[in-house]
Amino acid sequence: MNGPSAGAGSGGEGKLVYQAWKGNNVFFLQGRFIFGPDARSLFVTMFLIIAPVTVFCVFVAKELMNGFSYGLGLPVMVVAVVFTAYDLSLLFLTSGRDPGIIPRNAHPPEPEGFEGNAEVGANQTPPLRLPRVKDVVVNGITVKTKYCDTCMLYRPPRCSHCSICNNCVERFDHHCPWVGQCIGLRNYRFFYMFVFSTTLLCLYVFGFSWVYIIKIRDAEQITIWKAMAKTPASIALVVYTFIAVWFVGGLSVFHLYLMSTNQTTYENFRYRYDQRANPYNRGVVENIKEIFFTPIPASRNDFSARVPQEQGLRPRSTNGFMSPNMGRAVGDIEMGRKPVAWDEPRMAAEIGDLGGLGNLLEDKDGRFRNTSPDLSRDALVVGGLDEQGSSVMNPPRTSWGVEAGR
(Lines give C-alpha, C1' and ligand atoms only; values in the text may rest on other atoms or scores of the structure.)
Protein backbone atom coordinates (compact mmCIF):
# COMPACT_ATOMS: atom_id res chain seq x y z
CA MET A 1 0.00 0.00 0.00
CA ASN A 2 1.26 3.43 -0.85
CA GLY A 3 -0.12 5.45 2.00
CA PRO A 4 -2.88 5.77 4.55
CA SER A 5 -5.12 7.63 2.16
CA ALA A 6 -4.82 5.04 -0.56
CA GLY A 7 -5.49 1.94 1.44
CA ALA A 8 -3.99 -0.41 -1.11
CA GLY A 9 -0.81 -2.12 -1.96
CA SER A 10 1.51 -0.76 -4.59
CA GLY A 11 -0.10 -1.68 -7.86
CA GLY A 12 0.66 -1.16 -11.49
CA GLU A 13 0.53 2.31 -13.00
CA GLY A 14 -3.00 3.50 -13.54
CA LYS A 15 -4.61 0.89 -11.26
CA LEU A 16 -7.47 1.81 -9.01
CA VAL A 17 -7.23 1.22 -5.29
CA TYR A 18 -9.77 -1.62 -5.29
CA GLN A 19 -7.84 -3.37 -8.09
CA ALA A 20 -4.62 -3.33 -6.05
CA TRP A 21 -6.34 -4.13 -2.74
CA LYS A 22 -4.46 -6.66 -0.61
CA GLY A 23 -7.39 -7.72 1.53
CA ASN A 24 -9.77 -10.57 0.69
CA ASN A 25 -12.70 -8.29 -0.13
CA VAL A 26 -15.00 -8.41 -3.15
CA PHE A 27 -15.79 -5.12 -4.91
CA PHE A 28 -18.67 -4.07 -7.16
CA LEU A 29 -19.28 -1.01 -9.33
CA GLN A 30 -15.62 0.05 -9.40
CA GLY A 31 -15.13 -0.06 -5.66
CA ARG A 32 -18.36 1.68 -4.66
CA PHE A 33 -19.49 -1.43 -2.79
CA ILE A 34 -17.16 -3.59 -0.73
CA PHE A 35 -18.10 -7.02 0.60
CA GLY A 36 -16.30 -9.73 2.49
CA PRO A 37 -14.96 -12.87 0.78
CA ASP A 38 -18.08 -14.78 1.88
CA ALA A 39 -20.49 -12.33 0.20
CA ARG A 40 -22.39 -15.24 -1.39
CA SER A 41 -23.98 -15.91 1.98
CA LEU A 42 -26.05 -12.78 1.34
CA PHE A 43 -28.19 -14.77 -1.09
CA VAL A 44 -28.94 -17.30 1.65
CA THR A 45 -29.86 -14.55 4.10
CA MET A 46 -32.08 -12.83 1.53
CA PHE A 47 -33.83 -16.11 0.75
CA LEU A 48 -34.49 -16.76 4.45
CA ILE A 49 -36.22 -13.37 4.64
CA ILE A 50 -38.00 -13.11 1.29
CA ALA A 51 -39.32 -16.69 1.08
CA PRO A 52 -41.44 -16.68 4.29
CA VAL A 53 -42.70 -13.14 3.61
CA THR A 54 -43.80 -14.22 0.13
CA VAL A 55 -45.67 -17.19 1.59
CA PHE A 56 -47.25 -14.87 4.16
CA CYS A 57 -48.43 -12.39 1.53
CA VAL A 58 -49.83 -15.05 -0.80
CA PHE A 59 -51.54 -17.39 1.67
CA VAL A 60 -52.22 -15.27 4.76
CA ALA A 61 -52.24 -11.51 4.13
CA LYS A 62 -54.23 -11.90 0.92
CA GLU A 63 -56.95 -13.79 2.78
CA LEU A 64 -56.91 -11.30 5.64
CA MET A 65 -57.60 -8.47 3.18
CA ASN A 66 -61.09 -9.93 2.81
CA GLY A 67 -61.42 -10.83 6.46
CA PHE A 68 -61.43 -7.29 7.85
CA SER A 69 -64.17 -4.77 7.28
CA TYR A 70 -63.64 -1.21 6.01
CA GLY A 71 -60.54 -2.28 4.06
CA LEU A 72 -58.44 -2.73 7.20
CA GLY A 73 -56.94 -5.91 5.77
CA LEU A 74 -54.99 -4.04 3.08
CA PRO A 75 -52.47 -2.49 5.53
CA VAL A 76 -51.50 -6.01 6.65
CA MET A 77 -50.12 -6.71 3.19
CA VAL A 78 -48.60 -3.24 2.73
CA VAL A 79 -46.79 -3.25 6.06
CA ALA A 80 -45.32 -6.69 5.36
CA VAL A 81 -43.94 -5.62 1.98
CA VAL A 82 -42.62 -2.24 3.13
CA PHE A 83 -41.05 -3.65 6.29
CA THR A 84 -39.33 -6.40 4.30
CA ALA A 85 -37.90 -3.82 1.87
CA TYR A 86 -36.65 -1.79 4.86
CA ASP A 87 -35.07 -4.89 6.39
CA LEU A 88 -33.26 -5.76 3.16
CA SER A 89 -31.98 -2.20 2.78
CA LEU A 90 -30.41 -2.44 6.25
CA LEU A 91 -28.84 -5.73 5.20
CA PHE A 92 -27.13 -4.06 2.24
CA LEU A 93 -26.10 -1.04 4.30
CA THR A 94 -24.37 -3.46 6.67
CA SER A 95 -22.69 -5.72 4.16
CA GLY A 96 -21.89 -3.39 1.26
CA ARG A 97 -19.93 -0.63 3.01
CA ASP A 98 -16.47 -0.18 4.46
CA PRO A 99 -16.81 -1.40 8.08
CA GLY A 100 -13.91 0.78 9.23
CA ILE A 101 -10.84 -0.69 7.51
CA ILE A 102 -7.56 0.94 8.46
CA PRO A 103 -5.30 1.32 5.40
CA ARG A 104 -2.09 -0.65 5.45
CA ASN A 105 1.28 1.02 5.64
CA ALA A 106 3.70 0.69 2.76
CA HIS A 107 6.59 0.20 5.19
CA PRO A 108 6.97 -0.77 8.84
CA PRO A 109 7.18 2.19 11.22
CA GLU A 110 10.62 3.40 12.18
CA PRO A 111 12.10 1.30 15.01
CA GLU A 112 12.51 3.27 18.21
CA GLY A 113 15.69 1.68 19.57
CA PHE A 114 18.16 -1.17 19.57
CA GLU A 115 17.40 -4.63 20.81
CA GLY A 116 19.09 -4.58 24.19
CA ASN A 117 19.71 -8.30 24.72
CA ALA A 118 21.06 -9.12 21.25
CA GLU A 119 24.69 -10.30 21.04
CA VAL A 120 26.55 -8.66 18.19
CA GLY A 121 30.12 -8.58 16.98
CA ALA A 122 32.47 -5.64 17.05
CA ASN A 123 31.72 -4.60 13.47
CA GLN A 124 28.02 -5.39 13.50
CA THR A 125 25.03 -3.10 14.05
CA PRO A 126 22.66 -4.19 16.82
CA PRO A 127 19.32 -5.32 15.40
CA LEU A 128 16.32 -3.04 15.76
CA ARG A 129 13.07 -4.53 17.00
CA LEU A 130 9.68 -2.89 17.03
CA PRO A 131 7.97 -3.28 20.41
CA ARG A 132 5.20 -5.84 20.28
CA VAL A 133 2.77 -3.63 22.21
CA LYS A 134 2.44 0.03 23.11
CA ASP A 135 0.57 1.52 26.03
CA VAL A 136 -2.19 4.06 25.37
CA VAL A 137 -4.19 5.79 28.10
CA VAL A 138 -7.97 5.81 27.51
CA ASN A 139 -10.08 7.65 30.09
CA GLY A 140 -7.35 7.20 32.69
CA ILE A 141 -6.94 3.46 32.06
CA THR A 142 -3.91 2.03 30.28
CA VAL A 143 -4.78 0.04 27.15
CA LYS A 144 -2.27 -1.99 25.18
CA THR A 145 -2.18 -1.58 21.41
CA LYS A 146 -0.58 -4.35 19.35
CA TYR A 147 1.56 -4.28 16.24
CA CYS A 148 0.01 -5.91 13.16
CA ASP A 149 2.61 -7.62 10.97
CA THR A 150 0.23 -7.87 8.02
CA CYS A 151 -0.80 -4.20 7.92
CA MET A 152 2.54 -2.97 9.35
CA LEU A 153 0.95 -0.62 11.84
CA TYR A 154 0.07 -0.34 15.51
CA ARG A 155 -3.63 -1.02 15.84
CA PRO A 156 -5.63 1.76 17.50
CA PRO A 157 -7.58 0.84 20.64
CA ARG A 158 -10.52 -1.51 19.92
CA CYS A 159 -9.08 -2.38 16.52
CA SER A 160 -8.41 -5.98 15.53
CA HIS A 161 -7.26 -7.83 12.42
CA CYS A 162 -9.91 -10.01 10.81
CA SER A 163 -8.33 -13.18 9.47
CA ILE A 164 -11.25 -13.72 7.06
CA CYS A 165 -11.19 -10.32 5.34
CA ASN A 166 -7.45 -9.84 6.08
CA ASN A 167 -7.91 -6.25 7.24
CA CYS A 168 -7.51 -4.30 10.45
CA VAL A 169 -10.96 -2.96 11.38
CA GLU A 170 -11.71 -0.11 13.79
CA ARG A 171 -13.92 -1.02 16.74
CA PHE A 172 -13.98 -4.59 15.48
CA ASP A 173 -17.02 -6.46 16.78
CA HIS A 174 -17.00 -9.72 14.82
CA HIS A 175 -17.14 -11.12 11.30
CA CYS A 176 -20.73 -12.04 10.51
CA PRO A 177 -21.14 -14.84 7.95
CA TRP A 178 -24.84 -14.03 7.52
CA VAL A 179 -24.08 -10.59 6.08
CA GLY A 180 -20.72 -11.57 4.59
CA GLN A 181 -18.86 -8.65 6.15
CA CYS A 182 -16.91 -7.53 9.21
CA ILE A 183 -18.94 -5.60 11.75
CA GLY A 184 -17.02 -2.56 12.90
CA LEU A 185 -17.13 1.16 13.55
CA ARG A 186 -18.90 2.21 10.34
CA ASN A 187 -21.61 -0.47 10.04
CA TYR A 188 -22.37 -1.66 13.58
CA ARG A 189 -25.36 0.69 13.79
CA PHE A 190 -26.90 -0.76 10.64
CA PHE A 191 -26.10 -4.30 11.76
CA TYR A 192 -28.07 -3.90 14.97
CA MET A 193 -30.96 -2.19 13.17
CA PHE A 194 -31.03 -5.10 10.69
CA VAL A 195 -31.09 -7.74 13.43
CA PHE A 196 -33.72 -5.88 15.45
CA SER A 197 -35.96 -5.19 12.43
CA THR A 198 -35.72 -8.85 11.43
CA THR A 199 -36.92 -9.74 14.93
CA LEU A 200 -39.91 -7.41 14.54
CA LEU A 201 -40.67 -8.86 11.11
CA CYS A 202 -40.70 -12.38 12.56
CA LEU A 203 -43.08 -11.29 15.33
CA TYR A 204 -45.32 -9.57 12.77
CA VAL A 205 -45.62 -12.66 10.57
CA PHE A 206 -46.01 -14.90 13.62
CA GLY A 207 -48.80 -12.76 15.08
CA PHE A 208 -50.91 -12.37 11.94
CA SER A 209 -50.53 -16.04 11.08
CA TRP A 210 -52.26 -16.78 14.38
CA VAL A 211 -54.85 -14.09 13.63
CA TYR A 212 -55.75 -15.88 10.41
CA ILE A 213 -56.04 -19.23 12.20
CA ILE A 214 -58.35 -17.74 14.83
CA LYS A 215 -60.50 -16.08 12.17
CA ILE A 216 -60.98 -19.47 10.48
CA ARG A 217 -61.95 -21.00 13.82
CA ASP A 218 -64.47 -18.27 14.59
CA ALA A 219 -65.93 -18.19 11.07
CA GLU A 220 -66.53 -21.93 10.83
CA GLN A 221 -67.13 -22.60 14.53
CA ILE A 222 -64.56 -25.38 14.69
CA THR A 223 -61.73 -26.25 17.06
CA ILE A 224 -58.38 -24.56 16.85
CA TRP A 225 -56.78 -27.79 15.64
CA LYS A 226 -59.19 -28.14 12.73
CA ALA A 227 -58.65 -24.47 11.89
CA MET A 228 -54.89 -25.04 11.82
CA ALA A 229 -55.36 -27.99 9.50
CA LYS A 230 -57.20 -25.75 7.03
CA THR A 231 -54.19 -23.41 6.62
CA PRO A 232 -50.92 -25.35 6.54
CA ALA A 233 -49.08 -22.24 5.30
CA SER A 234 -49.92 -20.46 8.55
CA ILE A 235 -48.65 -23.41 10.58
CA ALA A 236 -45.39 -23.46 8.62
CA LEU A 237 -44.95 -19.72 9.18
CA VAL A 238 -45.70 -20.02 12.89
CA VAL A 239 -43.06 -22.73 13.33
CA TYR A 240 -40.49 -20.95 11.14
CA THR A 241 -40.83 -17.54 12.79
CA PHE A 242 -40.89 -19.09 16.28
CA ILE A 243 -37.51 -20.71 15.64
CA ALA A 244 -36.07 -17.64 13.90
CA VAL A 245 -37.11 -15.21 16.60
CA TRP A 246 -35.05 -17.10 19.18
CA PHE A 247 -31.98 -16.52 17.04
CA VAL A 248 -32.43 -12.91 15.92
CA GLY A 249 -34.27 -11.93 19.09
CA GLY A 250 -31.56 -13.37 21.30
CA LEU A 251 -28.94 -11.62 19.19
CA SER A 252 -30.84 -8.33 19.57
CA VAL A 253 -30.94 -8.65 23.35
CA PHE A 254 -27.26 -9.61 23.55
CA HIS A 255 -26.14 -6.64 21.46
CA LEU A 256 -28.44 -4.33 23.42
CA TYR A 257 -26.49 -5.40 26.51
CA LEU A 258 -23.19 -4.83 24.70
CA MET A 259 -24.26 -1.34 23.60
CA SER A 260 -25.46 -0.38 27.07
CA THR A 261 -22.05 -1.33 28.53
CA ASN A 262 -20.04 -0.08 25.50
CA GLN A 263 -18.47 -3.42 24.65
CA THR A 264 -17.90 -5.27 21.42
CA THR A 265 -18.53 -8.97 20.93
CA TYR A 266 -14.78 -9.48 20.62
CA GLU A 267 -14.07 -7.62 23.87
CA ASN A 268 -16.85 -9.42 25.70
CA PHE A 269 -15.45 -12.85 24.90
CA ARG A 270 -11.78 -11.92 25.21
CA TYR A 271 -11.44 -9.39 28.03
CA ARG A 272 -14.48 -9.97 30.25
CA TYR A 273 -14.99 -6.37 31.39
CA ASP A 274 -17.27 -7.56 34.18
CA GLN A 275 -14.06 -8.65 35.94
CA ARG A 276 -12.02 -5.55 35.09
CA ALA A 277 -12.54 -1.87 34.40
CA ASN A 278 -13.99 -0.97 31.01
CA PRO A 279 -12.30 2.24 29.83
CA TYR A 280 -15.00 2.89 27.21
CA ASN A 281 -18.10 2.67 29.44
CA ARG A 282 -19.58 6.16 29.90
CA GLY A 283 -23.00 5.18 31.21
CA VAL A 284 -26.01 3.63 29.48
CA VAL A 285 -27.40 6.82 27.93
CA GLU A 286 -24.06 8.05 26.58
CA ASN A 287 -23.19 4.58 25.31
CA ILE A 288 -26.44 4.32 23.34
CA LYS A 289 -25.99 7.85 21.99
CA GLU A 290 -22.51 6.92 20.82
CA ILE A 291 -23.93 4.11 18.67
CA PHE A 292 -27.04 5.74 17.20
CA PHE A 293 -26.65 9.52 17.46
CA THR A 294 -23.05 10.29 16.57
CA PRO A 295 -21.93 10.93 12.97
CA ILE A 296 -20.47 7.92 11.20
CA PRO A 297 -16.84 8.75 10.36
CA ALA A 298 -15.89 8.90 6.72
CA SER A 299 -14.08 5.94 5.23
CA ARG A 300 -10.29 6.08 5.34
CA ASN A 301 -10.20 4.45 1.90
CA ASP A 302 -11.18 5.79 -1.51
CA PHE A 303 -11.48 2.50 -3.37
CA SER A 304 -12.32 4.10 -6.72
CA ALA A 305 -9.32 6.45 -6.69
CA ARG A 306 -6.07 5.91 -8.53
CA VAL A 307 -3.22 4.28 -6.67
CA PRO A 308 -0.70 7.06 -6.00
CA GLN A 309 2.85 6.34 -7.07
CA GLU A 310 5.69 6.72 -4.61
CA GLN A 311 7.75 9.67 -5.72
CA GLY A 312 10.87 11.21 -4.27
CA LEU A 313 11.17 8.59 -1.54
CA ARG A 314 14.61 7.63 -0.42
CA PRO A 315 15.41 3.95 -0.26
CA ARG A 316 14.71 2.85 3.27
CA SER A 317 17.44 0.81 4.87
CA THR A 318 16.09 -2.10 6.83
CA ASN A 319 19.55 -3.33 7.83
CA GLY A 320 19.27 -4.94 11.21
CA PHE A 321 15.51 -4.38 11.46
CA MET A 322 13.45 -6.99 13.30
CA SER A 323 9.69 -7.26 13.37
CA PRO A 324 8.23 -7.80 16.86
CA ASN A 325 7.20 -11.32 15.84
CA MET A 326 10.53 -12.40 14.33
CA GLY A 327 11.61 -15.69 15.81
CA ARG A 328 8.25 -16.37 17.41
CA ALA A 329 5.37 -18.59 16.48
CA VAL A 330 3.32 -16.53 14.11
CA GLY A 331 -0.45 -16.29 14.01
CA ASP A 332 -3.21 -13.85 14.60
CA ILE A 333 -3.61 -14.41 18.31
CA GLU A 334 -6.64 -12.13 18.58
CA MET A 335 -8.53 -14.05 15.94
CA GLY A 336 -7.78 -17.42 17.50
CA ARG A 337 -5.66 -18.75 14.66
CA LYS A 338 -3.18 -21.48 15.42
CA PRO A 339 0.44 -20.28 15.57
CA VAL A 340 2.65 -21.27 12.66
CA ALA A 341 6.34 -21.76 13.26
CA TRP A 342 8.87 -19.92 11.12
CA ASP A 343 9.98 -21.93 8.12
CA GLU A 344 13.42 -20.39 7.51
CA PRO A 345 14.29 -22.21 4.27
CA ARG A 346 10.95 -21.26 2.75
CA MET A 347 11.22 -17.66 3.89
CA ALA A 348 14.75 -17.37 2.55
CA ALA A 349 13.64 -18.77 -0.78
CA GLU A 350 10.78 -16.32 -1.03
CA ILE A 351 12.92 -13.29 -0.24
CA GLY A 352 16.16 -14.52 -1.74
CA ASP A 353 16.50 -11.34 -3.79
CA LEU A 354 17.02 -9.24 -0.67
CA GLY A 355 20.72 -8.68 -0.42
CA GLY A 356 22.02 -12.24 -0.49
CA LEU A 357 19.64 -13.91 1.93
CA GLY A 358 19.61 -16.95 -0.34
CA ASN A 359 23.19 -17.68 0.69
CA LEU A 360 22.55 -17.63 4.41
CA LEU A 361 21.39 -21.25 4.87
CA GLU A 362 23.60 -24.16 5.78
CA ASP A 363 23.20 -27.62 4.32
CA LYS A 364 20.83 -29.54 6.60
CA ASP A 365 20.00 -27.95 9.89
CA GLY A 366 18.42 -24.84 8.36
CA ARG A 367 20.40 -22.38 10.54
CA PHE A 368 21.89 -19.12 9.43
CA ARG A 369 25.63 -18.67 9.27
CA ASN A 370 27.58 -15.44 9.79
CA THR A 371 24.85 -14.04 12.01
CA SER A 372 24.93 -13.36 15.70
CA PRO A 373 24.33 -16.51 17.83
CA ASP A 374 20.86 -15.55 19.02
CA LEU A 375 19.49 -15.08 15.49
CA SER A 376 19.90 -18.67 14.23
CA ARG A 377 16.28 -19.53 14.99
CA ASP A 378 15.16 -16.92 17.45
CA ALA A 379 15.13 -14.00 15.04
CA LEU A 380 15.28 -13.24 11.35
CA VAL A 381 17.22 -10.11 10.43
CA VAL A 382 16.39 -8.27 7.28
CA GLY A 383 19.51 -7.67 5.27
CA GLY A 384 22.24 -10.19 4.41
CA LEU A 385 25.80 -10.40 5.72
CA ASP A 386 28.87 -10.84 3.59
CA GLU A 387 31.71 -13.24 4.33
CA GLN A 388 33.54 -10.65 6.47
CA GLY A 389 30.49 -10.09 8.67
CA SER A 390 29.75 -6.59 7.36
CA SER A 391 26.17 -5.70 6.59
CA VAL A 392 24.89 -5.53 3.01
CA MET A 393 22.31 -2.92 2.10
CA ASN A 394 18.98 -4.33 0.95
CA PRO A 395 17.16 -3.18 -2.16
CA PRO A 396 14.61 -0.51 -1.34
CA ARG A 397 11.56 -2.70 -2.04
CA THR A 398 10.67 -4.56 1.12
CA SER A 399 7.43 -5.79 2.57
CA TRP A 400 8.20 -7.08 6.01
CA GLY A 401 5.39 -8.55 8.05
CA VAL A 402 3.10 -9.51 5.18
CA GLU A 403 3.83 -13.21 5.47
CA ALA A 404 3.97 -13.07 9.24
CA GLY A 405 0.40 -11.88 9.67
CA ARG A 406 -1.18 -14.47 7.45
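Ala61 meets all of the listed conditions (1) more than 36 Å from the chain's Cα centre (by Cα); (2) at pLDDT below 90; (3) among the aliphatic types (A, V, I, L, M) but one, namely (2). Residue check: is Leu48 at pLDDT 95 or above, under 26 Å from Asn187 (Cβ atoms) and among the hydrophobic types (A, V, I, L, M, F, W, C)? Judged against the criteria, Leu48 is a match.
Of the residues examined, Ala236 is not one that is of a type in the set (Gly, Ala, Ser) and loosely packed, with under 14 Cβ neighbours inside 10 Å. Scan the range 170-198 for residues that are within 8 Å of the chain's Cα centre (by Cα) and open to solvent by 20 Å² or more (accessible area, probe 1.4 Å) and the total you get is 2. Reported count of residues in the range 159-174, each being of a type outside the set (Val, Ile, Thr) and touching a helix residue (DSSP H, G or I) at 6+ places or on another chain (Cβ under 9 Å), is 8. The number of residues in the range 114-152 that are modelled with pLDDT of 85 or more, farther than 30 Å from Trp21 by Cβ and either of a type in the set (Lys, Arg) or more than 33 Å from the chain's Cα centre (by Cα) (or both) comes to 0. On inspection, Phe206 passes the criterion of being at pLDDT 95 or above, open to solvent by 40 Å² or more (accessible area, probe 1.4 Å) and more than 30 Å from Ala20 (Cβ to Cβ).
Among the residues making up the range 157-211, those that are in contact with a Pro (Cβ under 6 Å, 6 or more places away or on another chain) and assigned to a loop (DSSP other than H, G, I, E, B) are Gly184, Arg186, Asn187. The residue of the range 72-99 that is least open to solvent (accessible area, probe 1.4 Å), among those that are in a loop (DSSP other than H, G, I, E, B) and farther than 13 Å from Gly36 by Cα, is Gly73. A count restricted to the range 41-71 and to residues that are over 28 Å from Thr94 (Cβ atoms) and open to solvent by less than 60 Å² (accessible area, probe 1.4 Å) stands at 4.
The values are calculated or read from the model by the stated rules, or taken from the named source; none is laboratory data. Since the structure is predicted, the reported quantities are computational estimates derived from the model, not experimental observations. Every residue, glycine as well, gets a Cβ built from its backbone with ideal geometry; the counts of neighbours run over all protein chains shown. All accessible areas refer to the heavy atoms of the entire protein, side chains included, with ligands and DNA or RNA removed. Shrake-Rupley method; radii C 1.70, N 1.55, O 1.52, S 1.80 Å.
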